[in-house]
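The values are calculated or read from the model by the stated rules, or taken from the named source; none is laboratory data. Note that the structure is a prediction, hence the values are computed from the model and not measured. Here Cβ is always computed from backbone atoms with ideal geometry, including for glycine, and neighbour counts include all displayed protein chains. Ligands, DNA and RNA are excluded from the accessible area calculation, which covers all protein heavy atoms including side chains. Shrake-Rupley method; radii C 1.70, N 1.55, O 1.52, S 1.80 Å.
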Amino acid sequence: MPTLHGKTVESRAQQAGDRTHAQIARRLKLTQSTVSRLLAGKTAPSLRTLLAIKKAYGVPLDELVLEGAQVPAQTRAEAAG
């Protein structure tokens with residue numbers, strides 16, 4: 001499962017004037033807790049979320065995902081749940 005490159009998203013968000021997780025969440029139409037988990041690498045982004053970030057901040061998809069990254073087992077278990 002892919003892991004979001006949180007530093008890239010936060011950097012682009014700041015350039016767009018979104019300095020907090022709450023501001024990022026509003027722009028992406030996600031909850032603040034979801035944004036926090038995504039940026040911390042605790043949960044894998046959905047394709048819909050990746051596309052929303054791409055559209056909102058102009059980040060190419062290949063720059064959004066960390067190569068070879070693994071989502072922690074706890075998160076995988078929750079997703080399967």
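Given the residues Ala40, Ala44, which is the only one that is within 10 Å of the chain's Cα centre (by Cα), crowded, with 18+ Cβ neighbours inside 10 Å and either polar (S, T, N, Q) or modelled with pLDDT under 95 (or both)? Talk me through it step by step, then tell me what you get.
Numbers: Ala40 fails: crowded, with 18+ Cβ neighbours inside 10 Å.
When all the criteria are applied, what remains is Ala44.
Do you know which residues across segment 23-37 are assigned to a helix (DSSP H, G or I) and open to solvent by 30 Å² or more (accessible area, probe 1.4 Å)? Give the steps one after another, and end with the answer.
Taking segment 23-37 and keeping what is assigned to a helix (DSSP H, G or I), we get 23-28, 32-37.
Correct list: Gln23, Arg26, Arg27, Gln32, Ser33, Thr34, Ser36, Arg37.
How many of the residues in segment 4-22 are part of a helix (DSSP H, G or I) and either touching a residue at least 60 places away in the same chain (Cβ under 8 Å) or small (Gly, Ala, Ser) (or both)? Don't jump to the end; show me each part of the working.
Initial filter on segment 4-22 (part of a helix (DSSP H, G or I)): 6-15, 21-22.
Now restrict to residues that are either touching a residue at least 60 places away in the same chain (Cβ under 8 Å) or small (Gly, Ala, Ser) (or both): 6, 11, 13, 22.
Matching residues across segment 4-22 total 4.
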